[in-house]
Amino acid sequence: ILDEESLDQLELAVTEAASNIMRHAYQGRPGQPIRLVAEAGSDRIVVRIFHHGMVFDPETVRPPAFDGSRDGGFGVYIITRSVDEVHYGRDEQQGNCVYLVKKRKPRQEEEG
């Protein structure tokens, strides 16, 4: 099990990724499928989010502006700061995938 802070961070990353899929990959079209697969291992939790919307290239995202000039554009930044690994890929059978990894802290870090 993740500690509460790590779990909150993972939840935030999943929410942001799903929101980005709905808003950008599906361009706001309702009723489009999103499939989430979560796996818990001894050292990490992996969440894969599959969709059939537009392909996303993280290299095309502008850095966030923290000067108040933009209301949006923080999703990718929030995701990368909330989990330990983020990958964007494509599976010919399952479609596009956002792959999120949150590592579990070693026991001594959790208690200290």
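The values are calculated or read from the model by the stated rules, or taken from the named source; none is laboratory data. Since this is a predicted model, take the numbers as computed values, not measurements. Every residue, glycine among them, receives a Cβ derived from its backbone with ideal geometry; neighbour counts consider all protein chains shown. Side chains included, ligands, DNA and RNA excluded: accessible areas come from the protein's heavy atoms. Shrake-Rupley method; radii C 1.70, N 1.55, O 1.52, S 1.80 Å.
Would you confirm whether or not the stretch 53-75 contains a residue that is closer than 15 Å to Tyr99 by Cα, outside any helix (DSSP H, G or I) and among the aromatic types (Phe, Trp, Tyr)?
yes
Looking at the structure I just gave you, is Arg29 assigned to a loop (DSSP other than H, G, I, E, B) and modelled with pLDDT of 95 or more?
Values: assigned to a loop (DSSP other than H, G, I, E, B): yes; modelled with pLDDT of 95 or more: yes.
Against the criterion (assigned to a loop (DSSP other than H, G, I, E, B) and modelled with pLDDT of 95 or more), Arg29 qualifies.
Based on what the data block shows, is Asp43 under 29 Å from Leu2 (Cα atoms) and among the acidic types (Asp, Glu)? Walk me through it before giving the result.
On the way: under 29 Å from Leu2 (Cα atoms): yes; among the acidic types (Asp, Glu): yes.
Criteria met by Asp43.
Would you check which residues across the stretch 49-72 are touching a helix residue (DSSP H, G or I) at 6+ places or on another chain (Cβ under 6 Å), among the β-branched types (Val, Ile, Thr) and either open to solvent by 100 Å² or more (accessible area, probe 1.4 Å) or modelled with pLDDT of 90 or more (or both) and list them?
The one that is touching a helix residue (DSSP H, G or I) at 6+ places or on another chain (Cβ under 6 Å), among the β-branched types (Val, Ile, Thr) and either open to solvent by 100 Å² or more (accessible area, probe 1.4 Å) or modelled with pLDDT of 90 or more (or both): Ile49.
Among the residues of the stretch 23-42 satisfying the criterion of being open to solvent by 80 Å² or more (accessible area, probe 1.4 Å) and in contact (Cβ under 8 Å) with a residue 40 or more places away in the chain, which is farthest from Cys97 (Cα to Cα)?
Ser42
Residues in the stretch 59-72: is at least one of a type in the set (A, V, I, L, M, F, W, C) and in contact (Cβ under 8 Å) with a residue 40 or more places away in the chain? Write out each step before concluding.
Residues of the stretch 59-72 of a type in the set (A, V, I, L, M, F, W, C): 61, 65-66.
Restricting the remaining residues to those that are in contact (Cβ under 8 Å) with a residue 40 or more places away in the chain gives none.
Checked the stretch 59-72: no residue is of a type in the set (A, V, I, L, M, F, W, C) and in contact (Cβ under 8 Å) with a residue 40 or more places away in the chain.
Looking at Arg62, Arg70, Arg23, Arg48, can you tell me which residue is under 30 Å from Pro106 (Cα atoms) and basic (Lys, Arg)?
Arg48
Residues of the stretch 63-101 being aromatic (Phe, Trp, Tyr) and over 14 Å from Ile21 (Cβ atoms), which ones?
Step one: filter the stretch 63-101 for residues aromatic (Phe, Trp, Tyr), giving 66, 74, 77, 88, 99.
Listed by number, the residues that qualify are Phe66, Phe74, Tyr77.
In the stretch 1-22, which residues are open to solvent by less than 30 Å² (accessible area, probe 1.4 Å) and outside any helix (DSSP H, G or I)?
Leu2
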